[in-house]
Structures are given as C-alpha cells and as structure tokens.
Amino acid sequence: MNDMTDHPTDDLTDDAVSTDLLDELANLASPPPAELTEGLFDRLFDRWLTTESPLGPVLVAYTGRGVSFVRTSALVPGEQFLETHRRRFGRPLRRADSTPAGLVDALWGRPGSVPEVDLEGLSAFEHDVLAATRTIPLGQTRPYAWVAREAGSPRAVRAAGSVLARNPVPLLVPCHRVVRSDGSPGQYLFGPETKQQLLSSEYARAHDL
C-alpha cells in the first residue's frame with residue numbers, strides 16, 4: 001500500500017487562494033516608499049503661478065531649488081509661457097499649490113527674505129553677471145561696465161548686456177538697475193519706459209525708508 005503524504009495546500013479553498021492573490025496584487029499596487037519619490041516631481045516638473053508685481057500681472061515658475069522664470073502675462077501669455085519654459089528648461093509646468101516664501105515681497109522690492117533663484121542651464125559667466133546684478137540695492141543703479149567687472153570679465157560689457165537682456169528672473173535679479181555709462185536707462189526686456197518708471201518708483205521708495 002502506498003503511503004499518502006498530505007500537503008498543506010490541499011486544504012486551501014479557492015476563496016483562500018483568491019484572497020492571498022488579491023493581497024499580493026494589493027502589495028504590488030501600493031505606493032513606493034516616500035524616500036524613493038521624494039523630489040521626483042521636482043525633477044520632472046516645475047511649478048507655476050500668477051501674481052501681481054510692479055510690472056502688472058506676472059507668471060512665475062519655480063523648482064525645488066528656487067524661482068526659475070518670470071515674465072509678464074502681457075509679454076508672454078499663459079500658454080506661450082508654458083511652452084517657452086518647456087523649450088528653455090526642458091521641463092513641463094504644473095500649477096502651484098502655494099507661493100514660495102518671500103516671493104511677493106521680493107517682486108515688489110520690499111525688505112525681507114529673498115527667495116532663491118534657480119539658474120540651472122546657464123553658463124558660469126551668466127551666473128556671475130546675474131549674481132553681481134542681484135547685489136545692486138533698491139534705489140541705486142550701476143553701469144553695464146560695473147556688472148562686467150564684478151562678473152570677472154571687465155572687457156565683456158556687451159556680453160554682460162546680452163545676458164541681462166535674457167534675464168530669466170527679472171525683478172528678482174533687478175536688471176532694470178543696470179544703466180548706460182552716461183546714466184540713461186538703456187534697453188529693457190519690458191521696454192525703456194517701463195525701466196525708467198521702475199527706477200523712479202524705487203528711488204522714491206528708497207528715500208522714504
């Protein structure tokens with residue numbers, strides 16, 4: 001007579017097998033651990049929002065590292081802003097849930113915390129030009145030659161001007177405070193008249209502080 005060996009699975013019902021299978025599938029569908037997804041959206045997407053500024057309504061994009069792009073809605077309408085940002089930075093945008101700390105005050109030139117800016121993708125010279133420009137105080141101006149010198153390339157005055165003409169984060173990097181050597185405003189992304197208005201307004205506010 002052959003001995004029969006019982007196997008534990010012989011006693012499992014179809015319902016038990018189905019339940020175990022569903023549990024396994026549920027585990028597979030569970031969200032990955034937070035440490036795996038932390039920062040993932042920041043690597044895939046930038047955020048964007050609209051807010052008021054001395055230039056009127058502006059569209060602002062930012063990453064986990066800082067503000068990356070600022071343009072007026074008059075110059076670059078919403079859909080064009082999204083596409084321009086995607087072409088320039090290689091990342092799509094999602095609507096922001098909140099406003100970065102200090103952003104609104106910084107756009108208006110008010111004292112307080114200054115948000116970081118994300119200048120990813122720019123050259124070392126572009127970084128240096130924008131960093132020098134960011135140090136110009138409210139109510140003051142500097143000539144293009146000063147910016148070039150502070151950026152470590154005193155002979156690259158025209159190149160410094162070209163960098164400022166493409167400034168991705170105007171107001172936060174106050175390129176409107178850079179003027180010609182004779183003191184005249186010179187060109188500006190949003191027009192020379194707007195540049196002069198900003199300078200006059202900031203001068204008045206600085207002397208009221």
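Data overview
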read-out	value
Search result, residues across segment 102-120 that are within 16 Å of VAL70 (Cα to Cα) and assigned to a loop (DSSP other than H, G, I, E, B)	GLY102, TRP108, GLY109, VAL114, PRO115, GLU116, ASP118, LEU119, GLU120
Filter pass, ARG180 being touching a Pro at 6+ places or on another chain (Cβ under 7 Å) and among the charged types (D, E, K, R)	yes
Residues (polar (S, T, N, Q) and touching a Pro at 6+ places or on another chain (Cβ under 9 Å)) located in segment 126-166	THR133, THR141
Residue within segment 170-184 that is in contact (Cβ under 8 Å) with a residue 60 or more places away in the chain, outside any strand (DSSP E or B) and touching a His at 6+ places or on another chain (Cβ under 7 Å) present	no
Any chance ALA61 is modelled with pLDDT of 90 or more and of a type outside the set (D, E, K, R)	yes
Pairs with Cβ under 7 Å, 6+ apart, first in segment 191-209 and touching a residue at least 60 places away in the same chain (Cβ under 8 Å), second of a type outside the set (Gly, Ala, Ser) and part of a helix (DSSP H, G or I)	LEU198/HIS176
ASP97 acidic (Asp, Glu) and outside the structural domain of SER53 (by TED's automatic domain parsing)	no
Selected residue (criterion: surrounded by the fewest Cβ atoms within 10 Å (Cβ to Cβ)) from residues of segment 78-125 that are of a type outside the set (Gly, Ala, Ser) and farther than 18 Å from ASP46 by Cβ	PRO111
Single unsatisfied condition, PHE69 versus (1) modelled with pLDDT under 85; (2) surrounded by 10 or more Cβ atoms within 10 Å (Cβ to Cβ); (3) not in a loop (DSSP other than H, G, I, E, B)	(1)
Cross-chain or 6+ apart pairs with Cβ under 8 Å, segment 122-146 first and at positive phi, then surrounded by 20 or more Cβ atoms within 10 Å (Cβ to Cβ)	GLY139/GLU202
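The values are calculated or read from the model by the stated rules, or taken from the named source; none is laboratory data. The model shown is predicted, which means the values in this text are computed figures rather than measured ones. So basically every Cβ, Gly included, is an ideal-geometry build from the backbone, and we count neighbours across all protein chains shown.
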